[in-house]
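The values are calculated or read from the model by the stated rules, or taken from the named source; none is laboratory data. Just so it is clear, the model here is predicted, and its values are computed rather than measured. Using ideal geometry, Cβ is built from the backbone for each residue, glycine included, and neighbour counts are taken over all protein chains shown.
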Amino acid sequence: MRLAVAAKQKSAPRPVKVRSAPASRKQPVLTERKCSIASTVGILSDAWTFLVIREAFFGAKRFDKLQLELGIASNILTDRLARLVERGVFRKRKYQSTPERFEYLLTPMGMDLYGPLIMMMAWGDRWRAHDQPPLLLRHLTCGRDFTPEVICNRCGKPIHAYSMKYRMRYNPDKFGGRRSGRAVPGRV
């Protein structure tokens, strides 16, 4: 299985620097390096959000079905669906006028979360399922069960953190970030 997701390095979380916020703001302004992981976490910020997306991949589209499958409070589900629609992961489609009811369908952006989601599942199967994965994935094209892995789209080999280097496409000094030996501005 080829996935276009980057392998994450196993390391302790980096402390986030906080700078003084203007008087008009109540929340501190966080500064850190530019990062696609951080911007993704901003959309998929909690466990309920991931589980709502998982259920969408299992075929749940309607509020009542999502609530039944997840056992989630209606106010929390309403909030998560509104956020996912606002951020472009779901689109809302009316399926009934009286009372007004909607389906929540994955957008192309939402569909692109399938690879990262099954990679998280593979991690959970390996480290948390005690050799008893609750689901098996079957590739319909070849008819076989499989375990997803991250594969280089150029050479077809598995990607591991120790076999990677990172090239920054920005100047970390502008974001208060640090330089490291693994992430170097402009070179690999």
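Descriptive notes on the structure:
- Screening residue 107 on (1) in contact with a helix residue (DSSP H, G or I) (Cβ under 8 Å, 6 or more places away or on another chain); (2) β-branched (Val, Ile, Thr); (3) surrounded by fewer than 17 Cβ atoms within 10 Å (Cβ to Cβ) shows it passes everything except condition (1).
- Every residue from the stretch 113-144 that is within 28 Å of residue 89 (Cα to Cα) and part of a strand (DSSP E or B): 137, 138, 139
- Annotation note: Cβ proximity below 8 Å between a residue of the stretch 31-56 that is over 10 Å from residue 80 (Cα atoms) and hydrophobic (A, V, I, L, M, F, W, C) and a residue that is at pLDDT below 80 and surrounded by 15 or more Cβ atoms within 10 Å (Cβ to Cβ) (sequence gap 6+ or interchain) occurs for 38/32.
- Only one of the numbered conditions (1) of a type outside the set (A, V, I, L, M, F, W, C); (2) within 17 Å of residue 54 (Cβ to Cβ); (3) exposed (fewer than 13 other Cβ atoms within 10 Å of the Cβ); (4) at pLDDT 95 or above is violated by residue 134, and that is (4).
- Residue check, residue 95 hydroxyl-bearing (Ser, Thr, Tyr) and either part of a helix (DSSP H, G or I) or within 22 Å of the chain's Cα centre (by Cα) (or both): no
- Checking each residue in the stretch 48-64 for being closer than 20 Å to residue 117 by Cα and in a helix (DSSP H, G or I) picks out 48, 49, 50, 51, 52, 53, 54, 55, 56, 57.
- Top-ranked residue in the stretch 82-117 [being touching a residue at least 60 places away in the same chain (Cβ under 8 Å) and not small (Gly, Ala, Ser); ranked as nearest to residue 50 (Cα to Cα)]: 117
- From the list 79, 46, 125, the lone residue that is among the charged types (D, E, K, R) and under 14 Å from the mean Cα position of the chain (by Cα) is 46.
- Taking the listed residues 162, 170, 166, the one that is exposed (fewer than 11 other Cβ atoms within 10 Å of the Cβ) and either β-branched (Val, Ile, Thr) or more than 18 Å from residue 57 (Cα to Cα) (or both) is 162, with no other qualifying.
- Some residue of the stretch 88-97 being surrounded by fewer than 16 Cβ atoms within 10 Å (Cβ to Cβ) and of a type in the set (Phe, Trp, Tyr): yes
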